[in-house]
Every structure is written in structure tokens, then in C-alpha cells.
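Below is one structure, written out as C-alpha cells; comments come after it.
The values are calculated or read from the model by the stated rules, or taken from the named source; none is laboratory data. Bear in mind the structure is a predicted one, so any value in this text is a computation, not a measurement. Note that we place each Cβ from the backbone using ideal geometry, even for glycine, and neighbour counts take in every protein chain shown.
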Amino acid sequence: MNTPDSGGSPSVTFQNSKALRVTVAAGALVMVLIGLVLLYLLMQATNNREMYESNYAWLFTINMVVAGALLGAIVWVGYRLFLRLRQGRFGSRLLVKLATIFALVGFAPGLLIYVVSYQFVSRSIETWFDVKVEGALEAGLGLGRVTLDTLSNDLSTKSRSAAVQLSENPEAMTGILLERMLDQLGASDMAVWGGSGNLIASAGQTRVKLNPDKPTSSQFRAARTDRSLSWVEGLEDAAPGVLPEARIRVLVPIASSALGLTPEQRFLLVSRALPPNLVANALAVESANREYQERALAREGLKRMYIGTLTLSLFLAVFGAVLMAVVLGNQIARPLLLLAEGVSQVAAGDFTPKLAMQGKDELGGLTRAFASMTEQLSDARQAVEHSMAQVDAARANLQTILDNLTAGVIVLGAAGEIRSSNPGATRILKTPLAAHEGQALASIPGLQDFGHAVQLQFADFLARRSEHGLDHWQQSFELGAGAASAHGPFDQALTLVARGAELPGEDRLLVFDDISEIVSAQRAQAWGEVARRLAHEIKNPLTPIQLSAERLEMKLSGKLQPTEQTILVKSVKTIVDQVDAMKRLVNEFRDYARLPAAELKPVDLNALITDVLQLYGDETATVPVRAELDPASPPVRGDVQQLRQVIHNLLQNAQDASEPVGSVVPDDGRHVVVRTQWQAASGRVRLSVLDQGSGFPEHILKRAFEPYVTTKAKGTGLGLAVVKKIADEHGSRVDITNRVVDGAVVGAQVSLSLAVDNSAPL
């Protein structure tokens, strides 16, 4: 019953108290078992009157002794708990609480059952001896007697009629008449006896008996005197649990018609078996009435017996429950107290190895699991401390890297709000982004257009990610170049190349760098190369060539024969025409360099494509063009003439790429597809042109929108460059990719994403 003190060793205290606990538990168990056995015998005695009368007194006394022993044990345990509580020993309150709870769990239901059972037994015993019950039993007995009398009278009447018939016939016919009358009377046995007790004739069971039942002399006399005698056999000698073969017997004298001085008197004995149900009911009513009368005489004693047994059962149950509550409470409290002490040590940061109980029950296993958990926590804390040190070092390294990156890095939320940024982003955007954390990038003055464009790129990327399997997007942006950015933080236009990706959760990563100087250098180099070629290869020779040709024609005109004169005129004309063609080539470069600013207005892209496709009918096109237009596409903002030029350039390039080699008219089903798609998520209309050519080499894809870059034998390479320039004027993104099916290139695709005109109804 002892638990470890706070100042002693738990293992020593447990070992010292082990023998005491085993002794108390064994004694309590033995007393409870003896009480249960005696209580069972006591209940058996209440069901057996003979056992009750002979053994009830001493059984009740032994049970009272056992109950007293249990009560003494409870008092002793309670006194021990009281002393522990006064001494303030650790866990005393928990032990008292557990013992109280278990005692109440056993006492409250027992008391309730006792009260209900007491009322039930008291009132039930009284209802057993109700006047109505006694009257019903008497009525049942009377009903049985009346039924037997009725059956006896009926059989007596029929037997007298049978005796008259026997008297009217010769004695030789007696056996035959008995066989006939057996079924008529519903009898089981019929016999004719002489006055001296000799059997004259019989039918039924009497014929097969060696010693048939013979009426007594007194029965013969009574039948002679009263003219008939009836009685019931088999009800008095019924054995318990066995249904007797009861029957009604009637003895009737037969009048003699023979002439003589002293004719012998004959008697007819008729036997009829009673119905089994009638016999069973009669015996049951008689038995119930007999038992009722016996218990009515011992009513008060029976009540005291049942109530005494019930009270003793309550005492044994409550005392046993309280004692077991204390014992079990102590068994539960000991490992809990050990756990409580260990938990307090762990809460204080002490992860040293803890004591554990070696018992095989769950609580012993709980202490062992707690000790193992404490050891694992100690190891885990060391591992966490080591990991945290590594994480801090990695975080410091990462922060150092981010702080020294020339590129800008911004972490955005799902709504475009700034979560964090590095100094590179502040330097490039010339805005203190750290002061705007938590705000949307599009709400920062001077960065509204950039923020909105980034959000649209992310929306377009998320919408197309599942379709194309992309893991990032990349796009260039112009900042500070428009009128909307005139009052922004930029003193000159910036060109940014940005790359976006989705982070775990809903955050988004934006990485960008300033490529303004690179773009300017590339443009200067490109246009310098164009100017050098135009001046050196085209423009400078054109005028001398034309002047020389015209001078030759002028000098030689009229001096040659007609045939030579014709050749001269034709040659000069050819030279002049070719010079004009070269001049037109120079004009194309001039148009590319001097492309006018786009006048953005609402444009019905589907209608514009339909209008352009009239020039690409089957009778004129070398490769058919098929349109797949989305009827849900809203109007876009664009310049009609420039968009028309874009469509023409893309269709011509697609037809050139799809045209079979060495054939003018295709015979393999190749065609070009022009498609529009409304992307509600990004708020843009996507224009795509798909060919069925051989695609582009990788090095061409990377430089497809630069001037002079082409895969055609003829051409200037300005088609896609013009498309790219017009797309930039429209704030649109243009992409070019190879279309791959089952690992094979089946063509190329050029796509533009055009902004919707918000002034037009969708």
C-alpha cells in the first residue's frame, strides 16, 4: 500500500512494500471469494425450503462474519490513507481520489439496486397472498372438480345404457357387444364381471392383461345399491415431473333375464382415459394451491429471509468494491506517481534516465515507454540543437548570398503582396521594398504596371502549367518608358528580364535582372550591322549602276542595229528593275526601323482573321489554312494594320515551312492552323499559328526574333522580327516553340497573348 516518498529511493520503497501489497491483495481476494461462495449458497437456500430451514441460519452467520472482516479491512486501509494524507506524502491525494471514485462506482449502483429491490421484494411478497389470487386458485380447483364430475356423470349414463343392451342379449353375444360399444362410449377398456369376482368378458386393454384390475367387494355392493358407481384413478399417486395416466371408471350392475332360482349378478366396468391437458392443468392448480397455502403460513418469515439476503448481498458487494477500489487505486497510483515525478523533472528540463516499473500490465509498460521516450527526447534535443545550428549557418550563408546578388529576388504572396526581398531588388527598382512588405507590388508608386504585369504572368503560367508542363515563366519588361511612369522612381527606361516560379504553399518567387545596357548594346550592334551592310552592299552600288545603265542606253541609242537596239533596251530595263528591287529591300529595312507607334483600339480578332483568310483560299494557297476561332473571345486592344501584318507574316512563314520539298501542291494532307483562345484566368486572348513543317533548330529558336535570322533560302529574316516589334508595341508576349508528338517534331507554333479591351463589353 506504500508509494515512494519524495525524499527516498523509489526502487527501495517499492521492494519493501511488495510483500505487504501481495499479502493485502491475497487476503482481500480470499475474503471476496469466500463471500461470493457463501452468498451463492445463501441464494440457493432461499429457493429450497428444506435447505433453508436446515442451513439458512449458519450460512447467514458466516456471511455476516465475512462482511465484518471486509469492513475491518476497509477501516484499516482508510486509517492508513488518513495517516498518509496527514503526513503530506506525495500522491496521497491522488490515491484518496482514486479510492473514492472506485468506491462510489461500486456503492452508488449497489445502493440504488438495493432500494429498488427492497421495494420490489416487499410488495411482490404481499401480492403473492392477495385475496384475488387465493379465490382464483379455489375457483380453479372447483372448476377441475366440476369437469371431472361432468365427465363421470356422462360416462355413467352411457354405461347404464350399455348395461341395458347387454341384459337384452344372450350372454354368448357379450364379447361381441363389448367390442362394438368400446368406440361408441369413447372408452379405453370395458369388462363384464361376475358377482363373485370372476371375469366373464372384456374388450380393450383388459384383454391383454394377465391380471386385470378387479373392483373390490365394497365397489360391487355400492354399485348394486346405487345402480352405478364412478371414481377417478391415477391423480393421487402422480410423481413430480411425470404426467400420470388418469382415468374415469364406472361400475354398473347388469339386469339378468335368465330364469332360475338364484341367477348370478353381473357388472359392467367401463374405463375412459382423461385428456392429458386436463390432467396437467388439474395437477398444476392443485400444486399451486398447496404451495400457496404453505407459503401463506410463512409469509413474514419469507419476507425477512429475502430482505436479509438482499441486505447481506449489498454489504458484501459494497465492502468488496471499496476494498478492491483501494487496492486497485494503489496499483494504478504507484506508476502514475512515478510518471508524475518523471514529468515534473522533464518539465524542468531534466532528461536524465528515468525509473521504470517491471510489471507486465499496461501501466508498467507506460512507465517503461515514458523512460524510453525521455531518452529519445534527450537524443532528439541534441539532434535538433545540432540541426538548428546547421540551419542557422545555412540561413546566414543564404542571406549573405542574397544580399550580394546583383539580381533582384522578391517573394510574393498569392495576392501579389511582398513577403520579403533582397537589396538587389531595391537597387534595381530604386524603391525601398523592405518598407513596403505586406503591400501589393502593384500598389507601390511607379511599379503599378510592373506589378500588374507580373500578376498576369503568374496567372497565365498557372493556367498553362498543366497543359505544357512548365515549371517557370520568363519574360522581359520595360519600366519607366511610358507616360504612366513619367513620375516614377526611374530617370531612364529599364529593361528587365524576369523569371517566376511557384514556391511550396501559395508563395511565388520572382527573380529579375536589369538588362537595359545589354539590350541597348545589342540593338546598337544590330542596327550598326544593318547600316554597314546597307551602305556597303546595297545602297552605294545602286545609283552608279542605274546611272551607268541609263548612260549606255542614251549613248548607244540610234547607233545600233534594231536587233542590238532591242537587246540594249531590254538589258537596261532589266538593270533598272533590279535596282528598283534592291531599293525596295532597303525600304523594308527602313520600314522596320521606322515602324510607327501602334494606335491601340478595340479589335475583333476573329473578324480580322476571317478577313485576312480571304487572301488564302484553296485556289491561291499552296498549303491550306484552317481556322479554329474561339467564339467566346472578346475584343482586344490593338492596331488593326499592325495586327493584320502580324497575321500575314505568320501565315506566310507557316505556309513556307509546311510546303513539301520539291512539290508546289501538297499531296500529304498538310495544312496550317490559325487559332484563338480566350483565357479567362489571365484576362487575355491567345493567337496561335501552327504549321506542319520540320520545326526549328535549337539555335534558331533562341534567336528567332532577331533580324536576318531565318532558315529559308530566300528572305530577309525580318518577318518574325517585325512580329516581335509589333508584339512589344502591344504589350504582348510572343512565344515560338516546336510541336513534339511522341518524341518527334511535327511542326512549329507561334503564339501571342493579347490584352482584352476593358472598354468593350465581354
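Where residues in segment 724-762 are acidic (Asp, Glu) and assigned to a helix (DSSP H, G or I), which of them is surrounded by the fewest Cβ atoms within 10 Å (Cβ to Cβ)? Residue satisfying both the conditions and the ranking: Asp728. So the check is Cβ under 9 Å with 6+ separation or different chains; which pairs have a first residue in segment 150-162 that's aliphatic (A, V, I, L, M) and a second one that's part of a helix (DSSP H, G or I)? Once the first residue is aliphatic (A, V, I, L, M) and sits in segment 150-162, its partners that are part of a helix (DSSP H, G or I) give Leu151/Leu278; Ala162/Leu177; Ala162/Leu178; Ala162/Met181; Ala162/Gln184.
Filtered by the rule that a residue be under 22 Å from Val232 (Cα atoms) and loosely packed, with under 12 Cβ neighbours inside 10 Å, segment 158-184 gives Asp183, Gln184. Got at least one residue in segment 645-657 being under 27 Å from Ala744 (Cα atoms), modelled with pLDDT of 80 or more and assigned to a strand (DSSP E or B)? No, segment 645-657 has no match at all. Would you be able to say whether some residue in segment 522-535 is in contact with a Leu (Cβ under 9 Å, 6 or more places away or on another chain), closer than 24 Å to Lys725 by Cα and at pLDDT 65 or above? No, that holds for no residue.
Kindly check whether there is at least one residue in segment 621-643 that is charged (D, E, K, R), surrounded by 16 or more Cβ atoms within 10 Å (Cβ to Cβ) and not in a helix (DSSP H, G or I). The answer is yes, given that some residue of segment 621-643 is charged (D, E, K, R), surrounded by 16 or more Cβ atoms within 10 Å (Cβ to Cβ) and not in a helix (DSSP H, G or I). Across segment 180-200, the number of residues qualifying as over 18 Å from Ile248 (Cβ atoms) and hydroxyl-bearing (Ser, Thr, Tyr) comes to 1.
Scan segment 270-279 for residues that are surrounded by 14 or more Cβ atoms within 10 Å (Cβ to Cβ) and either touching a Ser or Thr at 6+ places or on another chain (Cβ under 8 Å) or free of Cβ contacts under 8 Å to residues at least 60 places away in the same chain (or both) and the total you get is 6.
What about His452, is it modelled with pLDDT of 85 or more and closer than 20 Å to Asp514 by Cα? The answer is yes for His452. Among the numbered conditions (1) over 16 Å from Leu268 (Cβ atoms); (2) at pLDDT 80 or above; (3) in contact with a Lys or Arg (Cβ under 9 Å, 6 or more places away or on another chain), the only one that Ser188 does not meet is (1). When Ala172 is tested against (1) touching a Phe, Trp or Tyr at 6+ places or on another chain (Cβ under 9 Å); (2) at pLDDT below 80, exactly one condition is not met: (1). Could you check segment 406-449 and list, in sequence order, the residues that are within 47 Å of the chain's Cα centre (by Cα), in a helix (DSSP H, G or I) and surrounded by fewer than 17 Cβ atoms within 10 Å (Cβ to Cβ)? Answer for segment 406-449, where residues must be within 47 Å of the chain's Cα centre (by Cα), in a helix (DSSP H, G or I) and surrounded by fewer than 17 Cβ atoms within 10 Å (Cβ to Cβ): Ala434, Ala435, Ser443, Gln448. On the stretch given as segment 211-245, residues that are modelled with pLDDT under 80 and in contact with a Gly (Cβ under 7 Å, 6 or more places away or on another chain) total 2.
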